[in-house]
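The values are calculated or read from the model by the stated rules, or taken from the named source; none is laboratory data. What you are looking at is a predicted structure, and each value in this text was computed from that prediction instead of being measured. Every residue, glycine as well, gets a Cβ built from its backbone with ideal geometry; the counts of neighbours run over all protein chains shown.
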Amino acid sequence: MILSPFEWAVAKRYMLPGRGEAFIALVAGISLAAVALGVAALVIVMSVMNGFRAELLDKIVGLNGHAIIQAYGGRLNNWQDVLRQTRATPGVVHASPLIEQPLLVTFNGRVQAILLRGETGEDITALAPKVQAGRMADIAPDAGTVGIGSRLAENLGARVGDTITVINPSGRATPFGTVPRQVAYRVAAIFEVGVYDYDNAFVVMPISDAQTLMLSGDSIGMIEVKTDNADRVTEILAPLARKLEGQAAITDWKTINAQLFEAIAVERVAMFVVLSLIVLVAAFNILSSLIMLVRAKTRDIAIMRTMGASRRSVMKIFLAIGAVIGVLGTGAGLVLGAIFLFFRQNMINAIQFVTGQNLWDPKIRFLTELPSRSDPWEIAGIVVMALGLSFVFTLFPAFKAASTDPVQVLRYE
């Protein structure tokens, strides 16, 4: 839609408040602000939801892999052969043995449930960037050292260098019954994955030490697998699943965390629909402000028509006004959303400081900080929706203005 100098001059004049038109200008300003708030809310919420899903996926998959291979009965005795087959599968980039077992730990009279993870040296050193204290390199086979999660260390009151006792309830059988196995380990490192449940429970040690603690001999609990595409993990591991049928089961991250990620997907859709109503309301405000403007400018429209302005020109004038409100509102919303996302954690910290309330409790929200990841295509969709609604709701008042009959209007002036 290209405007002539005359049409643009009239449109600018109508967008500026004149005497007796302050209320119309106020409604137009509210419409612009409503569009801005609606767009900003959509950008912020969708970016945070995307960031939450991405961060959760990165942390969960980064620690647990894309899939696990677990034998029926819980112990994988021929794991070396299964490991070779797994590594030979096209699309698999990493596979390693893993022991994962819920146990108990005690320190200074405090007892807490833990999830023991026996890992290879390569997997243990991969946690080095997440270490808060100590060194993962100090966790070596037969060294009697472990790494523990930050929340677990906080709950136990343990620090690097302290000795904790891991309790295996299914210990050795004696004439007097089963005696729980208790082994002392020195804390060599404290790490923080960023997922509360993991940081509150994980104890990491070399897999050989875990086998000794669990009295499992050379068997392991499972094999952790990572592929070159997390979204295609089921397809990539399908040939391997057929080979291992009857021996072991393959469970991917989608199945393990199905309820969590489905809940996030449903919440994303629900939030988008609810927040889109703000933009819809803003579009109705644009409609009402333009209808009032058309009624206030009926005489001006009639005079322009008698001076040679076509219906098309009049219609373009009011379409331009609605488009400007939509474009300015959308642009302001994008800027507002970008500013909020950039300073999101600072804002949350400031609100928490002022109110004294914990707005981002990791016990509830899994992650320790508010994440954000903007999808350019999603933002483009929000912009198109906002501009589209602004344009559609401008059509009726523009058509009414264009259909004004100058003879009928000026006859009664």
Answer with yes or no whether Val294 is closer than 30 Å to Arg53 by Cα and part of a helix (DSSP H, G or I). no
Select from region 209-239 the residues that are hydrophobic (A, V, I, L, M, F, W, C) and part of a helix (DSSP H, G or I) and list them in ascending order. Ala210, Leu213, Met214, Ala230, Val233, Ile236, Leu237, Ala238
Of all the residues that make up region 240-265, how many are more than 17 Å from Val92 (Cβ to Cβ) and either aromatic (Phe, Trp, Tyr) or part of a helix (DSSP H, G or I) (or both)? 10
When you scan region 162-174, do you find a residue that is within 30 Å of Gln80 (Cα to Cα) and of a type in the set (S, T, N, Q), even just one? yes
Mind listing just one residue for me: the one in region 277-297 that is loosely packed, with under 15 Cβ neighbours inside 10 Å and of a type outside the set (A, V, I, L, M) and, of those, modelled with the lowest pLDDT? Arg295
Pairs, please: C-beta under 8 Å, at least 6 apart or cross-chain, first residue assigned by TED's automatic domain parsing to the domain that holds Pro206 and more than 18 Å from Leu115 (Cβ to Cβ) and in region 142-169, second outside any strand (DSSP E or B) and of a type in the set (Ser, Thr, Tyr)? Asp142/Ser208
Counting just the residues of region 199-219 that are farther than 28 Å from Leu156 by Cα and not acidic (Asp, Glu), which one comes out surrounded by the most Cβ atoms within 10 Å (Cβ to Cβ)? Ser219
So which residues in region 225-263 are surrounded by fewer than 17 Cβ atoms within 10 Å (Cβ to Cβ), under 20 Å from Ala54 (Cβ atoms) and in contact with a Phe, Trp or Tyr (Cβ under 9 Å, 6 or more places away or on another chain), if there are any at all? Lys254, Leu260, Phe261
Which of the residues belonging to region 122-173 are over 17 Å from Gly194 (Cβ atoms) and basic (Lys, Arg)? Arg135, Arg159, Arg172
